[in-house]
Structure formats: structure tokens, C-alpha cells
Amino acid sequence: MSSMSSDIFNPRRLQANRLAAGLKAIGTERGDVVAWLVGHRPEWIYLYFAVAKLGAIALPLQAPRVGRSAEAMTYCLKKAGVKVLIMGDITGVNETDDTVPYLCSLFPEVKTTKPGKLQIERLPKLTSIIVLGDIGTGIGAYSMDEVQTLGSDEKLIAEVRALQHQLSCHDTFLLVFSSGSTGQPKCSEHSTYSLYNSIRFAVKVVRMPLDGVTLYPYLSTPYYVICPMFAPGCAVAVPASTAPSSMEITKTIQEERCHSIVVLFLKDFHDLLHSPNLGEYDMSSIRGVNIGGNVAPKSLIDRAADVLPKAKVIVAYGMTELVKVTAIPADMIGEGKGAAVGKLAPHVEMQLVDKDGRVVPLGHEGEVCLRGYCLFKRYRGDEEKTSKAITADGWFKTGDVGTLDEHGVLKLYGRASEMIIRNAYNVHPAVVEAPLSKHPKVQDVRVVSVPDPASVEEICACIILKEGQSADSDEMKKFCDEIGMVPIELPGYFVFFDEFPVTTTLLKVDRKKLRLIAMEKLGLQET
């Protein structure tokens with residue numbers, strides 16, 4: 001049976017092959033960067049595999065990051081060196097008609113050029129734009145229908161198949177931008193080798209179910225789109241919105257009777273568990289939840305046990321530069337300093353080092369360094385940052401501070417860059433956040449440093465209270481005394497917030513902005 005005939009019995013493969021051939025027809029070659037900003041829809045999946053078949057490089061843009069910002073969009077496209085941009089359906093809910101005006105506002109040049117001949121001075125590599133839906137007349141962009149029609153040429157499809165034998169698993173395939181919490185977002189390059197093996201072991205580590213329905217809240221988080229390849233009996237449910245609210249997530253769980261969630265970021269897990277509408281939905285089908293993106297406080301795990309008593313919560317550790325490398329059942333996260341994130345995934349190396357790069361003994365604090373198949377290749381266009389992050393012998397310096405016990409369980413205390421230096425003592429924010437989160441009135445807490453002429457830095461606890469609750473600094477200080485918090489970890493300030501600022505991805509609290517807002521509320525300035 002010919003490969004063309006086999007495609008007839010696999011319409012999804014045929015769709016991906018035709019899309020790959022269509023992209024080739026408009027000039028996309030091996031190593032070219034193809035970016036897309038589209039909602040949660042089938043084309044997202046087809047694009048992922050079509051780009052891989054060409055040996056091109058995929059850049060799925062996250063709507064919460066670039067949104068309607070021309071500056072953010074331009075930064076990402078230029079940093080990545082994008083050649084082809086696919087746009088449409090920005091929120092994932094029938095807004096294709098709005099795409100063309102948005103496109104023209106971003107790139108006025110598209111109104112005066114022919115498709116495939118785009119010339120934008122600030123984006124010299126961008127030559128083609130593809131729009132999902134009707135683009136009308138007078139716009140120098142391809143429609144997705146045109147590209148797919150071009151991809152129906154059997155000669156081109158044959159060329160795409162032949163290309164498979166020339167590709168290397170070590171080629172760069174995927175670009176992912178960091179959250180920007182430590183400065184301008186960095187662009188990490190991942191190979192197929194890294195991505196495939198990382199997801200293969202991550203599926204085992206987080207105990208992804210092999211059947212039933214799994215909820216993927218963020219299709220635009222590109223690592224996880226191939227998870228079903230390793231759980232072939234599992235169906236996937238995806239919310240319509242690229243940034244689903246807690247209500248949208250609970251509604252999807254109820255309607256699809258989801259058995260598990262892979263992966264839910266910590267902030268969204270927190271919002272889900274504290275949603276005022278949670279009681280209106282049936283969550284009894286949930287048997288497992290994988291969470292990540294930050295250190296999970298024990299108070300949140302306890303809340304999950306009350307709200308989702310039948311669910312096994314798995315806490316995993318990973319970042320933009322690598323996929324999940326450790327995991328631990330949430331019920332094994334005990335009291336005390338640090339948050340356990342589990343044992344290392346198979347075939348990955350880890351060491352904890354001091355500020356001079358020397359390996360520390362078990363039980364001692366050090367920066368977490370990792371080496372293995374899981375790592376990204378480099379920061380695109382940032383050789384200096386790459387050389388600072390990856391040592392000559394291949395160790396990636398994560399910037400996270402933790403300890404490793406005799407059983408191989410890693411505990412994290414937070415980012416080295418977030419360390420508070422108070423009277424020559426190092427204080428980790430997570431160490432202060434953990435006990436404060438146990439206060440019965442506290443919904444969420446983040447600890448930042450603020451300037452202090454005597455102590456260099458002072459500890460400031462930023463607190464969101466539960467709905468209908470009120471408290472002041474005196475009450476919080478009394479609580480700290482009652483639980484026996486050591487003096488060096490006792491916050492000097494307590495500042496109350498209605499909400500915390502978040503990074504451009506909307507998935508993490510922006511501690512830099514939080515610190516500046518706290519300083520403004522306290523009337524403090526840098527010393």
C-alpha cells in the first residue's frame with residue numbers, strides 16, 4: 001500500500017501533509033521559523049505537525065503574552081526571526097472577522113504588497129502572512145484555504161515525505177519564550193530529541209492516565225500537545241479560550257466528564273479551588289491533577305484535598321528551558337521549610353552547587369543544576385545569556401535554590417534572584433510565605449524585599465485576604481508570634497492587595513511589579 005493510500009485512512013495525517021506541502025509551496029524551507037497566533041482550534045494541532053514534517057521551526061505565540069500589543073508581537077517575531085506568520089481567531093471564540101483589521105494595524109505594509117512578497121523594515125525575515133478565514137480583497141496575505149489548496153499537489157506531498165529522511169532529531173524544532181519575570185523574555189530553542197524524550201518521561205512521571213478524557217487548559221503551551229502520543233487511549237478536551245477562567249475550566253470538566261487535568265499552572269489551580277462558583281459544577285469525575293509553574297504551598301494542597309477529595313494531585317517541576325524533570329504526589333509534601341518537588345526523571349543528572357560552583361553536601365542549600373536530554377539547546381540570539389546559563393560541561397544553571405535529601409527528593413526554596421538579604425542573613429520568600437498562608441483569613445501571599453537603610457533589605461508580606469475578611473498588620477504580627485516564626489524571617493511590613501500583578505503570560509505573579517507597588521504603598525524609595 002502506498003503512503004498516499006495510507007493517508008486516506010488517516011485524515012489527520014493527510015491534513016498535516018497537505019498543510020506542510022502548502023507551506024512549502026509558499027516558500028517555507030527547512031530551518032525557517034513559522035509562527036502562529038490562533039485560538040484553540042484543530043489547525044493548531046495540524047500546524048504543529050506540518051511544521052515538523054518540513055524541518056521548519058515552530059513558534060506558537062501565546063495570546064496572553066502578545067495580545068493586542070504591537071510592541072510585544074514585534075519583539076517576539078524579530079527575536080525569533082519569523083518567516084511565516086499565521087493569524088486568526090485571537091481569543092479562540094469566533095473573532096476571525098476581527099483578525100484582518102488587527103493585522104493591518106500591526107503591519108500596514110500588508111495592504112500594499114502581494115501575498116508572499118511582504119517587506120517590513122523592522123521585521124526583515126517576515127515574508128508571508130496566512131489568515132484563518134475570509135480575508136477579503138486588497139490584503140497581501142494568503143488565506144488558510146489557499147495554502148491548503150496549494151498543498152493538494154501530489155508532487156509537493158511526495159517531496160514532504162521524502163524530506164523526512166533528511167531531517168535530524170537534533171535540529172531546532174520549537175521556540176518558546178520565557179515569562180519575562182526576570183527581564184525581557186528569552187527565546188529557548190528546543191530540538192525534537194529534547195521534546196519527544198522529555199514528554200515521553202514526563203507522561204510517566206506525572207502518571208498521565210491511559211484512557212478517559214484529559215483536560216488540556218493551555219493548548220498554546222506547546223510542550224504538551226504530543227502527550228496523547230504516549231497515551232493513545234486518552235481523549236483530549238480543550239477549553240475554547242486560550243486563557244480559560246476558572247469557570248470555563250470547571251464547565252469543561254463537567255461537560256466532558258474529564259478524569260484528569262494536564263497541566264494546570266499554580267495560579268489557575270489556586271483560582272479554581274477558590275472560585276465562588278465552584279459549588280455549581282460537578283467535579284466528581286476528576287481523579288488526577290498535575291500542577292506546575294511555581295512552588296506549591298502546603299495550604300493550597302490542603303485546600304485541594306477538601307475540594308477534590310478523589311483526585312490525586314501531582315506537583316511537578318520544570319521551566320521554559322526544560323520540561324518536567326521531577327514530580328511528587330502532593331500528599332507527600334509535608335510541613336517545614338521548602339517545597340518538595342520530587343525525585344528526578346530517568347536519565348537526567350542533577351547537582352546542587354554553591355556560589356563558587358562547588359557541589360554542596362546532601363541537605364545543604366545550593367543552586368539546582370541539570371544536565372541531560374531534557375535541556376533546551378540555547379537562547380536564540382543571546383549567546384551571552386546562553387553561556388551564562390549553560391556551563392562548558394553542559395550543566396544548566398536553573399537559578400532555583402533548593403536542597404536534596406538522602407532519598408533523592410528535591411526541595412525548592414525559590415529563585416536565587418528573589419533572595420532577601422536582611423542583616424547579612426539570606427531569607428527565601430517561600431520560607432516566609434508557607435507559614436503565613438496558614439492564617440485562616442489569608443487567600444494568597446507573596447513575599448518581596450523592600451529597601452531599608454539599616455537592614456539593606458526588609459521583608460514585606462503582600463497579602464490577599466479571603467472574600468469578606470479584614471485584617472491589619474498587628475493581627476498578622478500576632479499570628480507570626482503565635483506560630484513561633486523566627487525573628488529573622490518575621491516580615492517588617494504587611495501590605496494588603498485585592499490582586500497581584502502578573503507577568504505577560506498571565507500565569508505567574510510578577511514579583512518585580514509587586515515589589516514596586518508595595519514600595520509605593522509604603523512610601524519607600526531605593527536607597
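Values as computed for the structure displayed
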item: Helices (runs of 4 or more DSSP H) enclosed by the range 152-256 - at least 2 residues per element that are outside the structural domain of residue 375 (by TED's automatic domain parsing); result: 154-163
item: Residues satisfying the stated conditions in the range 396-411, i.e. among the β-branched types (Val, Ile, Thr) and under 21 Å from the mean Cα position of the chain (by Cα); result: 398, 401
item: Residue in the range 331-344 that is modelled with pLDDT of 85 or more, touching a Gly at 6+ places or on another chain (Cβ under 9 Å), on the phi > 0 side of the Ramachandran plot and not polar (S, T, N, Q) present; result: no
item: Top-ranked residue in the range 499-527 [being among the aliphatic types (A, V, I, L, M) and modelled with pLDDT of 90 or more; ranked as farthest from residue 467 (Cα to Cα)]; result: 524
item: Output for the range 352-391, where each listed residue is in a strand (DSSP E or B) and either within 25 Å of the chain's Cα centre (by Cα) or not assigned by TED's automatic domain parsing to the domain that holds residue 318 (or both); result: 352, 366, 367, 368, 369, 370, 371, 372, 375, 378, 379, 390
item: Residue list for the range 247-263, filter: in contact (Cβ under 8 Å) with a residue 40 or more places away in the chain and surrounded by fewer than 22 Cβ atoms within 10 Å (Cβ to Cβ); result: 256, 257, 259
item: Residue tally, condition under 16 Å from residue 412 (Cα atoms) and among the aromatic types (Phe, Trp, Tyr), over the range 261-317; result: 1
item: Unmet requirement for residue 492, which otherwise passes all of (1) surrounded by fewer than 20 Cβ atoms within 10 Å (Cβ to Cβ); (2) at pLDDT 90 or above; (3) over 18 Å from residue 419 (Cβ atoms); result: (3)
item: Every residue from the range 35-51 that is closer than 18 Å to residue 81 by Cβ and either in the same structural domain as residue 192 (by TED's automatic domain parsing) or surrounded by fewer than 23 Cβ atoms within 10 Å (Cβ to Cβ) (or both); result: 36
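The values are calculated or read from the model by the stated rules, or taken from the named source; none is laboratory data. What you are looking at is a predicted structure, and each value in this text was computed from that prediction instead of being measured. Please note: Cβ atoms are built from the backbone with ideal geometry, for glycine as well, and neighbour counts cover all protein chains shown.
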